[in-house]
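Below: one structure, written as structure tokens.
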């Protein structure tokens, strides 16, 4: 995404510089950082404009894909958090159910009294 933004900025800066320093005549002197780079005719400048346009489009595409990837990752993160919350609620529900079952079982064991075979003593399971 950052590379896309850099490409957009560079393409716009190059286009602005080309328009701002447009000279008269059939050849144009191209300078960068105060140094003469080359001379270009109108056809070369036109092709350079197309290349700048393509670089700009590439930058926009990279930013869009980065945004799409970020949204997908955030959606996955939200889904995982939702799933974890559901699992936590299910765990709490099952723990409560188990606790209730254990209490019922303990109460039943306290009430149940089994007498031995001869009825002489009380046996609890």
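The values are calculated or read from the model by the stated rules, or taken from the named source; none is laboratory data. Model, not experiment: these values are computed from the prediction. Reconstructed Cβ throughout: ideal geometry from the backbone, glycine too, with neighbour counts over all protein chains shown.
What are the residues in segment 33-47 that are in a helix (DSSP H, G or I) and over 41 Å from the mean Cα position of the chain (by Cα), if any? Correct list: 42, 43, 44. Quick one: would you say residue 14 is modelled with pLDDT under 85, assigned to a helix (DSSP H, G or I) and surrounded by 12 or more Cβ atoms within 10 Å (Cβ to Cβ)? Yes; evaluated as a whole, the condition is true for this residue.
In this structure, is residue 50 under 18 Å from residue 10 (Cβ atoms) and at pLDDT 90 or above?
Considered against the rule, which asks whether it is under 18 Å from residue 10 (Cβ atoms) and at pLDDT 90 or above, residue 50 comes out as yes.
Remark: residue 124 falls outside the filter, which requires a residue to be touching a strand residue (DSSP E or B) at 6+ places or on another chain (Cβ under 8 Å), under 25 Å from residue 5 (Cα atoms) and modelled with pLDDT under 80.
With more than 21 Å from the chain's Cα centre (by Cα) and assigned to a helix (DSSP H, G or I) as the only criterion, which of 30, 50 stands out? So that I can check it myself, show each step before the final result.
Working: 30 fails: assigned to a helix (DSSP H, G or I).
Residue meeting the stated conditions: 50.
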